[in-house]
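Engineer: Supplied in structure tokens, the structure appears directly below.
The values are calculated or read from the model by the stated rules, or taken from the named source; none is laboratory data. Computed from a predicted model, the values in this text were never measured in an experiment. FYI the Cβ positions are ideal-geometry reconstructions off the backbone, even for glycines, and counts take in every protein chain you see. These area figures cover heavy atoms from the full protein model, side chains too; ligands, DNA and RNA do not enter into them. Shrake-Rupley method; radii C 1.70, N 1.55, O 1.52, S 1.80 Å.
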Amino acid sequence: MTRIILSGCSGAMGRNVTQVAASRDNCSIVAGIDIRLPEAAKYPVFTSLAECTVEADVIVDFSAPAALDGLLAYAEKKNIPLVLCATGYSDEQLAAIREASNRIAIFKTGNLSLGINLLIRLAEKAASVLGEDFDIEIVEKHHNQKVDAPSGTALMIADAISDTLEERPHYVYDRHSRRMKRDKDEIGIHAIRGGTITGQHEVIFAGHNEVVTITHTAESKGVFATGAVNAAIFMAGKPAGMYDMNDLLSAVVD
Ligand SMILES: NC(=O)c1ccc[n+]([C@@H]2O[C@H](COP(=O)([O-])OP(=O)(O)OC[C@H]3O[C@@H](n4cnc5c(N)ncnc54)[C@H](O)[C@@H]3O)[C@@H](O)[C@H]2O)c1
């Protein structure tokens, strides 16, 4: 039985993770952390990790980048793995995460859905076949409450494509401020925000008279919650290091 501390438990994803974990018999949420206390919870909730007195095997975070320092300090003090699901970390924070992974096990991914990770593999394949002759653009759409843009997933897709191309492309986020033609060695990344869209990512390979488009649509946040619970169970007891969806997928496939 994997005992989970859920950081960001009062938020939309926190509530989804609570539901998914309750439907499993191999894990249990033993405590929640949130600066906003929920109206009711089936586990004790603390406003910070420093106040948490409950022992656990792993921490899952769906709060915000601002919580990172406290999460790293607590995970190190207790020597337990950390599953980081929040997005929008700064370069300094990403460096701090990598540095801490020398001492504790850290799972980090911009997207916990199986379908998105398949889309990434398909986009890598498409880029290796079409990349030199086709212009590549990524369009992502999310609900109007999302604060970071572009999405962590759009950047994951761009990075994966970039790694397969011989000429490393640069990313262009804002055409409005540039009056010039599109450069061959660029990936355009565009963010759309509106309504309740859970998450859509579209990778467009535009060539001469033909266009290949690969699209993934997340229809419910449950997809990410399932991925987070699977990651938590996978990470319990893991040695120090950085882990991501590829490690989880390999473990499922093997
Ligand atoms: N990796 C993925 O697949 C994936 C999927 C969905 C969402 N996300 C990310 O997860 C995060 C949360 O998403 P959400 O839709 O649940 O947001 P949300 O705003 O509904 O919930 C965030 C919760 O965290 C709490 N919180 C904020 N700062 C905190 C802090 N410093 N300490 C403790 N609690 C704090 C808030 O009170 C809130 O209850 C976002 O960064 C989002 O981009 C990642």
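Engineer: Ignoring ligands and nucleic acids, what accessible area does residue 46 show with a 1.4 Å probe (Å², nearest 10)?
Structural biologist: Around 30 Å² of this residue is reachable by solvent.
Engineer: Over the chain, what is the relative contact order in whole percent, taking alpha-carbon pairs under 8 Å and six or more residues apart? Provide the component values of the computation, followed by the final result.
Structural biologist: Values: 471 pairs, mean separation 57.4, N = 254.
RCO, the chain: 23 percent.
Engineer: With the dipole of the range 57-155 worked out from charges on the C-beta (+1 for Lys and Arg, -1 for Asp and Glu) around the Cα centre, which of 105, 93, 152 lies farthest toward the positive end?
Structural biologist: Of the listed residues, the answer is 105.
Engineer: What's the longest piece of the chain with no exposed GluC sites (Glu not before Pro), counting a site as exposed if DSSP puts it in a loop and it has at most 15 other beta carbons within 10 Å? Spell out each step's value before the answer.
Structural biologist: Numbers: sites that count: 39, 55, 132, 166, 167, 210, 219.
In the chain, the maximal stretch lacking such sites is 56-131.
Engineer: Which percent of the accessible heavy-atom area of the chain goes to carbon and sulfur, probe 1.4 angstrom?
Structural biologist: On the way: 6690 of 13040 Å².
The C+S portion of the solvent-accessible surface of the chain is 51 percent.
Engineer: Also, quick follow-up: Using a 1.4 Å probe and counting only protein heavy atoms, arrange 128, 48 so the residue with the most accessible area comes first. Mind dumping the intermediate values first?
Structural biologist: Details: 128 75, 48 40 Å².
Largest accessible area first, the list is 128, 48.
Engineer: Treating cross-link reach as a plain straight distance, find the lysines whose alpha-carbon is under 27 Å from the alpha-carbon of residue 141, omitting any fewer than eight places away in the same chain.
Structural biologist: 108, 125, 181, 184, 221
Engineer: Which order do 163, 174 take by accessible area at a 1.4 Å probe, largest first? Mind dumping the intermediate values first?
Structural biologist: Numbers: 163 105, 174 70 Å².
Largest accessible area first, the list is 163, 174.
Engineer: Tell me, what is the per residue accessible area of the chain in Å², probe radius 1.4 Å?
Structural biologist: 51
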